[in-house]
1. Give the residue, chosen from 539, 471, that is touching a residue at least 40 places away in the same chain (Cβ under 8 Å) and surrounded by fewer than 14 Cβ atoms within 10 Å (Cβ to Cβ).
2. How many residues are crowded, with 22+ Cβ neighbours inside 10 Å and under 16 Å from residue 216 (Cβ atoms) if we restrict to segment 260-274?
3. Just to verify a result, which residue in segment 214-259, among those that are among the hydroxyl-bearing types (Ser, Thr, Tyr) and buried (at least 24 other Cβ atoms within 10 Å of the Cβ), is nearest to residue 280 (Cα to Cα)?
4. Looking at this structure, is residue 377 more than 15 Å from the ligand (Cβ to nearest atom), basic (Lys, Arg) and within 30 Å of residue 397 (Cα to Cα)?
5. Residue pairs, Cβ under 6 Å, 6 or more apart or interchain, first in segment 309-334 and within 14 Å of residue 415 (Cα to Cα), second near the ligand (Cβ under 7 Å from one of its atoms). List them.
6. Would you kindly identify the strands (runs of 3 or more DSSP E) lying entirely within segment 107-212 that contain at least 2 residues that are of a type in the set (A, V, I, L, M), more than 16 Å from the ligand (Cβ to nearest atom) and surrounded by 19 or more Cβ atoms within 10 Å (Cβ to Cβ)?
7. Return yes or no: is residue 248 among the aliphatic types (A, V, I, L, M), within 16 Å of the ligand (Cβ to nearest atom) and under 15 Å from residue 73 (Cα atoms)?
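The values are calculated or read from the model by the stated rules, or taken from the named source; none is laboratory data. Being a predicted model, the structure only gives us computed values, none of them experimental. Every residue, glycine among them, receives a Cβ derived from its backbone with ideal geometry; neighbour counts consider all protein chains shown.
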Amino acid sequence: MLGLMQERPLLISSLLEHAACYHADREIVSRTCEGRLRRDTYRTLAHRSRQLAHALIRMGVKPGDRVASLAWNTHRHLELYYAVSGIGAVLHTVNPRLFPEQLTYIINHAGAKVVMYDITFDKLVADLRPTLDHVKTYVALTDADHMAGMPEGSLCYEDLLAAEPTEFDWPVFDENTASGLCYTSGTTGNPKGVLYSHRSTLLHAMMLCQVDGLALSSRDATLLCVPLFHVNAWGVPYGSPLCGAKLVLPGPNLDGKSLYELAKTEGCTFSLGVPTVWMGFLDHIEKTGADAKSELMMQRLIVGGSAAPKSLMRKLDDLGIHAFQAWGMSETGPVATVAHALPKHDALSEEARFDLRCMGGRPMFGVELRLIDDEGRVLAHDGDTPGELQVRGPWVTSGYFGGEGTGPDAEGWFSTGDIATVDPDGFVRITDRAKDVIKSGGEWISSIDLEDAAMRHPQVAEAAVVGVPHPRWQERPLLVVVPKGDAPDKAALRDFLTDYVARWWLPDDVVFVDELPHTATGKLQKMVLRKAYAEYVLPDVATGNRGAAE
Ligand code: ADP
């Protein structure tokens, strides 16, 4: 027997219309590419998104068509989020920081018909244009005053909107319809397209607004430091209208000073971003001596997207900001686990509770987890045994766009490529990416833990650990350090690490560099480092010693 309840599909347009109706005056503040600070509300977001919906249809965009964006976090990009998906087309957010060859590959692979770009990308678009096979229309996301110098034939976004009415009847269609297409940044190989649906997006957005999710609410003013071109900015552009949170969009300026100023002047209470963003933020506070404790209203802050150094989390905590981690990936919506302590943890020491917040976190409702070994055997959730993390759930991918890569198995388990432990309460601790883990004499060394320990040293600004070949141990860790001021003494640094890791984990050598390679989303690019040091001869190998592992 079927229930007698209405089958209203879960559609992205309903988020917008809800906010326009019940949070109409709540603000959306953006730093535009033209330099101004612009103030919108959910009412004006809805008006402009509806105008854009008309314009897209007039342009010939049909349901299922891919509309690509090359854009920063601004009100206009947010309008694309609602208008493109709202008419049943697919918003293909493209990471403009990728190499041009990767951009060509991605946009062609996606089969995008339209490219909408920020004026900061005029040259990039002009260069890409001859290589893009399917794009018919280019739209510059700006007004008529700033069209000079834009690639020839580009349409002006503001002119398109001005010609359209602010009312629009959003079509109603199957909630499983594709809404967004986002390619993994390729840390571990060729970019692959993850195709989100209206249903997956809404369910994920609902969970973000749970207290044990991101606790996003109408009381929040969110500084959105995760780019809209990266995994839907962790779903926050959808969760915000759902609950009526104020949104603060930093545009192209993601440096510490700009973020700090916006957080201060807009009274931001919540923020989220990758560790490198927060390193810049803290650097600004340190350099200027800004009184963050009294100037900021920031209550909660998520450091995610890659392992967060504990030293960074501690510094945020010291400013009175409750820093915690979340784990996920493009293929998981992206947020899958969030690091909130349980009531039973109240009795733990402050340090132990802080350690919990530095873990990947526990699954939100809807996300199932398990660990497997190399033979695919399911492992215990004892907090000790590492294995590959697998996930399944209604906002986990069921396969990549174009059928590439390896999707989930027949039971829906998707292999994340992350090595983790899971404790009996479901707390996930990411110890490495399968490709980054250092395999020394049949044992595993966590590059993340070693990096974390190195970054506690006062003379270490950033650290990366990669495995380099060793004749006896197969691989041994090499520590690559960007020094803070004078480079520390190598032996002293190794000595320092003994407080945090086992002796046999100690890096066999340390090299100092001016900077480390990062992906377009600010993550350490281990693949590049591994290549750069593939032939590195460790000191004990050169001298014929048995090595530091003994
Ligand atoms: P890419 O795979 O191209 O880097 P994603 O943005 O999807 O693109 O990255 C997801 C990966 O980021 C995860 O598989 C994991 O390795 C890493 N990651 C995300 N959150 C965390 C976290 N809290 N701790 C450690 N690693 C994390």
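1. Going through 539, 471 in turn, the sole match is 471.
2. Here the count works out to 5.
3. Among those residues, the one meeting the criterion is 222.
4. yes
5. Matching pairs, first to second residue: 328/334; 330/184; 330/231.
6. 114-117, 137-140
7. no
Table: residues versus (1) within 16 Å of the ligand (Cβ to nearest atom); (2) farther than 28 Å from residue 202 by Cα.
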| site | (1), (2) |
| --- | --- |
| 305 | yes, no |
| 311 | yes, yes |
| 317 | no, yes |
| 321 | no, yes |
| 325 | yes, no |
| 330 | yes, no |
| 334 | yes, no |
| 348 | no, yes |
